[in-house]
Amino acid sequence: MTRLAVFASGRGSNFQALAAAARKGVFPGRIVLLLCDQPDAGALAVADAQGIPARVIAGRRPGGRLGREAETAYRDACRVAGVEWICLAGFMRVLGSTLLAAYPDRIVNIHPSLLPAFPGLDAQRQAWDYGVRVSGCTVHLVDGGVDTGPIVLQRAVPVLPADAPEDLAARILAEEHTIYAEALRLLLTRPWQRRGRRIIFAGEETDR
């Protein structure tokens, strides 16, 4: 059973969905640690209710990149807990070389758009403002950029004429709650390799 840590900054709905999926055996992993950069994050209450150990490690300032000392503390906390993979779930920080080197190609993020469209903050409103007909969500491996890592799985979501940005965000979030666990199941159960920017799962090359 793969040992997972989740990093979160907010209410923790994706964290809660991942914890539920792990209990149901959707993917062969167990969440053993939650790390937050915000002491008032709702994810902390979710961890308490789920009996998952949690810790707050604040950075120097809200948002932006983790400072070197904070990133080292995140890495060390994961090592102590025996963490093998890290899942970012609404974690509003950009990771640096310390964590990326400690967990190469084993840090995953979910983003509420069909990347590479609309990276960064408030992606749902970006999509709505742009007037796209289709948006969605993306699970990707994490690199040193902002939502720039290789794509693992994507799910399209229609943008309806009567949508407000909040309606679109809610529809995308519902898909996030299922696609993240599906992506972890693929990563943890199927042989795969990274070729440049592509994630190739065993058997895909023969699929037509």
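In segment 6-24, the residues that are farther than 18 Å from residue 121 by Cβ reach residues that are of a type in the set (D, E, K, R) with C-beta atoms within less than 8 angstrom, at least six apart or across chains, in these pairs: 17/176; 22/30. Do we have residue 45 as at pLDDT 95 or above and under 26 Å from residue 143 (Cβ atoms) here? Answer is no for this residue. For segment 166-191, the set of residues classified as surrounded by fewer than 15 Cβ atoms within 10 Å (Cβ to Cβ) and not aliphatic (A, V, I, L, M) consists of 166, 167, 178, 189, 190, 191, listed by residue number. Among the candidates 30, 55, the residue that is in a strand (DSSP E or B), under 17 Å from the mean Cα position of the chain (by Cα) and surrounded by fewer than 18 Cβ atoms within 10 Å (Cβ to Cβ) is uniquely 30. Going by the structure shown, is residue 64 under 30 Å from residue 164 (Cα atoms), surrounded by fewer than 23 Cβ atoms within 10 Å (Cβ to Cβ), without any contact (Cβ under 8 Å) to a residue 60 or more places away in the chain and of a type outside the set (Ser, Thr, Tyr)? Yes: the conditions hold for residue 64. Looking across segment 67-89, just one residue is among the small types (Gly, Ala, Ser) and surrounded by 22 or more Cβ atoms within 10 Å (Cβ to Cβ), and that is 89.
Picking from residues in segment 103-119 that are touching a helix residue (DSSP H, G or I) at 6+ places or on another chain (Cβ under 8 Å) and not hydrophobic (A, V, I, L, M, F, W, C), the one that is surrounded by the most Cβ atoms within 10 Å (Cβ to Cβ) is 112.
From the list 69, 84, the one residue that fits, being modelled with pLDDT under 95 and among the acidic types (Asp, Glu), is 69. Scanning segment 126-142 for residues that are touching a residue at least 40 places away in the same chain (Cβ under 8 Å) and farther than 8 Å from residue 159 by Cβ yields 137, 139, 141, 142.
Scoring residue 43 on the criteria (1) assigned to a loop (DSSP other than H, G, I, E, B); (2) of a type outside the set (Ser, Thr, Tyr); (3) crowded, with 21+ Cβ neighbours inside 10 Å leaves a single failure, condition (1).
The values are calculated or read from the model by the stated rules, or taken from the named source; none is laboratory data. Small disclaimer: the values here were computed from a predicted structure and weren't measured. As a convention, Cβ positions derive from the backbone with ideal geometry for all residues, glycine included, and neighbour counts pool all protein chains shown.
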